[in-house]
Amino acid sequence: YQVPNWSGGWFRVSDRGQVEVTPSPGLHAPLRAIVDEIVERGESLPVILRFPQVVAGRVKHLNEAFGKAIAEYGYSGHYQGVFPIKVNQRRVVVESIAAAGYEYAHGLEAGSKAELALCLAQKMHPDALLCCNGFKDDGFIKLALWGRTLGKNVVITLEKYSELDRVLKQAKALGVKPAMGVRFKLHARGSGQWEESGGDQAKFGLNAYELLRVVERLREENMLDSLVMLHTHIGSQITDIRRIKVAVREATQTYAGLIAAGAQLKYLNVGGGLGVDYDGSRTTFYASMNYTVGEYAADVVYTVQEVCRAREVPEPVIVSESGRALTAHHAVLIMPVIDVTGPTRDLEELAAPNEDSHQIVKDLEEILVNISARNYREMYNDAVGDKQTLHNLFDLGYVTLNDRARGEALFNAILRKIAKLIQGEKYVPDELEDLQKVLADKYICNFSLFQSLPDNWAIQALFPIVPLDRLNERPTRQGTLVDITCDSDGKIEKFIDLRDVKATLPLHEPNGRPYYLGVFLMGAYQDVLGSAHNLFGKVSEAHVTVRPGGKFHIDLFVRGQKARRMIESMGYEEPMLRDSIEDQADEALERGTLTPEQENELLEDYGEELLGYTYLEYEEG
Ligand code: PLP
């Protein structure tokens with residue numbers, strides 16, 4: 001499962017074969033014990049475990065990395081991060097970042113009016129930045145300006161040239177001096193899945209001509225000191241450090257150019273993009289990154305300094321808008337496996353020889369017996385042909401349902417035997433490449449991919465997935481995962497691997513005890529992008545603090561959305577639903593298809609379901 005490669009030290013596998021969270025040296029707690037406590041309290045799964053200590057640890061890690069680079073290079077400015085709350089607006093996340101970031105004056109970034117309203121209410125260091133990105137209307141701008149009167153270091157980022165007029169007009173009307181940033185469209189592009197976020201065709205930002213017009217316009221208004229920040233962003237999850245260096249160089253040259261044009265910028269904002277190594281491969285693969293947080297900080301500081309020295313301009317305060325890197329690690333989705341199905345289960349019984357079988361079934365029996373390392377390719381082709389014939393004969397009524405079942409079981413047994421023969425072989429014939437996947441078991445998990453891991457569905461994002469325990473026991477099955485939505489896209493068939501992507505995940509044979517899988521590094525973007533497919537709602541969550549001695553404390557348990565909430569979000573009202581059921585039950589009573597006792601029970605059950613969790617509720621164990 002590669003835990004040491006992707007966990008960044010925030011998780012480990014204990015000697016007892018359990019995954020533990022390790023928020024700081026000496027602190028550790030097994031996830032299984034946390035889940036067991038949640039179940040003992042009578043709560044239902046799935047659940048997201050959140051570790052505020054991990055969020056705080058990530059904030060510290062990033063700030064200290066920049067602090068170290070700044071000290072090492074003798075950089076004369078400092079670093080001040082902002083957290084773009086769109087990455088995860090959950091209260092516990094934002095408050096943990098604000099609290100842990102206070103000593104570093106780590107700020108926040110809002111991309112909409114609602115986000116700004118949320119950010120303004122946070123307790124922040126007076127120097128901490130509150131950057132307002134995204135397209136803005138007058139209301140957004142006014143709210144940002146009011147923020148300045150509250151003593152907050154609010155900076156309004158101009159995303160397009162026309163926003164300048166709006167800001168100036170509102171600022172005059174309110175009598176508040178604005179602080180502005182300007183987003184520049186770098187020609188440098190990122191790498192990985194969000195490559196398109198940068199470059200000339202980017203959605204946001206001003207071009208070089210427009211930048212200079214902003215400076216001119218502010219000079220005319222005698223407000224040059226209101227332009228405080230240059231902002232750039234080349235996309236999220238930048239996999240290649242060289243792309244970051246190239247972009248930061250271009251950004252710093254632009255900063256120097258603006259200074260030369262008379263601007264008095266204080267901050268250089270290099271945007272987001274600091275990656276997360278989801279597969280632990282440390283490569284430029286889209287689910288990875290070929291650098292560490294320390295290397296990122298060092299390269300940013302070094303590049304900014306190098307350009308500033310060459311251009312003889314002051315070294316700015318370096319701002320980054322890292323979101324993914326601060327939040328991905330803190331959350332783990334725990335999903336119980338509720339069933340296992342698969343083409344190779346219960347084969348032995350079905351595949352036993354039988355005198356009365358149809359000849360085509362006997363042919364398959366023979367292939368199964370005779371298959372070997374020398375002839376498996378030929379045998380495979382024969383078996384495929386026989387299976388086709390079996391189905392044709394069935395359609396014509398010459399093969400019984402029993403024979404069809406045995407024939408299919410034999411075919412799967414043949415595939416399983418071939419899979420064993422080619423395991424570890426360097427050369428696998430094209431037609432057999434998908435064998436592992438075809439033969440894999442389906443582990444049915446109590447969750448919705450669309451609610452909890454939307455990026456896996458939408459953009460094939462990979463997340464490390466690990467059983468919470470039994471890790472000192474060699475897994476004997478290969479599986480893919482399916483969720484409980486009625487959507488055949490609700491499945492996970494790609495898993496992390498150091499060299500490639502794997503089509504299956506090694507899993508343990510169910511042993512009668514609850515078997516839980518943890519999906520790790522899912523704390524960035526997933527919570528907020530999730531959708532209510534099939535009306536599966538927000539997942540319950542536990543906020544957990546790890547204490548010395550392997551202990552932990554569940555500080556808060558927030559129940560997931562109730563069915564009623566999900567139904568109401570579609571425009572229905574609870575009383576209307578209840579009335580309708582009651583009327584129908586009364587009619588059934590009159591018709592005599594319900595007794596009065598049954599009617600009461602029905603209404604009680606209906607009411608209970610409205611108030612219940614939207615996921616499957618089993619007695620765990
Ligand atoms: N800043 C801006 C302007 C963004 O669009 C984004 C996300 O793409 C971020 C910051 C956060 O980026 P990341 O999560 O890669 O740190």
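Structure values in brief
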| item | result |
| --- | --- |
| Matching residues, region 296-331, being surrounded by fewer than 22 Cβ atoms within 10 Å (Cβ to Cβ), closer than 30 Å to Val87 by Cα and away from the ligand (no atom under 16 Å from the Cβ) | Ala298, Tyr302, Thr303, Gln305, Glu315, Val317 |
| Enumeration of residues in region 249-281 that are touching a Gly at 6+ places or on another chain (Cβ under 8 Å) and on the phi < 0 side of the Ramachandran plot | Tyr267, Asn269, Gly272, Gly275, Asp277 |
| Subset tally (residues that are buried (at least 20 other Cβ atoms within 10 Å of the Cβ), part of a helix (DSSP H, G or I) and of a type in the set (S, T, N, Q)) for region 426-466 | 3 |
| In region 85-114, the residues that are buried (at least 23 other Cβ atoms within 10 Å of the Cβ) and within 17 Å of the chain's Cα centre (by Cα) | Ile85, Val87, Asn88, Val93 |
| Sole residue being away from the ligand (no atom under 16 Å from the Cβ), assigned by TED's automatic domain parsing to the domain that holds Asp277 and touching a residue at least 60 places away in the same chain (Cβ under 8 Å), chosen from Val228, Val176, Val214 | Val228 |
| Criterion: within 30 Å of Gly9 (Cα to Cα) and more than 16 Å from the ligand (Cβ to nearest atom) - qualifying residue of Ile422, Ile367, Ile414, Ile334 | Ile334 |
| Of the criteria (1) within 16 Å of the ligand (Cβ to nearest atom); (2) within 22 Å of Thr303 (Cβ to Cβ), which one Cys119 fails | (2) |
| Counted residues, region 76-125 - those being more than 13 Å from Thr327 (Cα to Cα), basic (Lys, Arg) and modelled with pLDDT of 95 or more | 1 |
| Any chance Tyr286 is touching a residue at least 60 places away in the same chain (Cβ under 8 Å) and either in the same structural domain as His106 (by TED's automatic domain parsing) or within 16 Å of the ligand (Cβ to nearest atom) (or both) | yes |
| In region 503-543, the residues that are at pLDDT 95 or above, buried (at least 19 other Cβ atoms within 10 Å of the Cβ) and not in a loop (DSSP other than H, G, I, E, B) | Leu505, Leu507, Tyr516, Leu517, Gly518, Val519, Gln526, Ser540, Glu541, Ala542, His543 |
| Qualifying positions in region 232-263 - within 14 Å of the ligand (Cβ to nearest atom), under 21 Å from Leu206 (Cβ atoms) and over 22 Å from the mean Cα position of the chain (by Cα) | Thr232, Ala247, Ala251 |
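Listed here are the residues, each with its yes/no results for (1) of a type in the set (A, V, I, L, M, F, W, C); (2) closer than 26 Å to Leu130 by Cβ; (3) at pLDDT below 95.
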site	(1), (2), (3)
Tyr255	no, yes, no
Ala260	yes, no, no
Leu268	yes, yes, no
Gly273	no, yes, no
Gly280	no, no, no
Phe285	yes, no, yes
Glu295	no, no, no
Gln305	no, no, no
Arg311	no, no, no
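The values are calculated or read from the model by the stated rules, or taken from the named source; none is laboratory data. Note that this is a predicted model, so its numbers are computed, not measured. Every residue, glycine among them, receives a Cβ derived from its backbone with ideal geometry; neighbour counts consider all protein chains shown.
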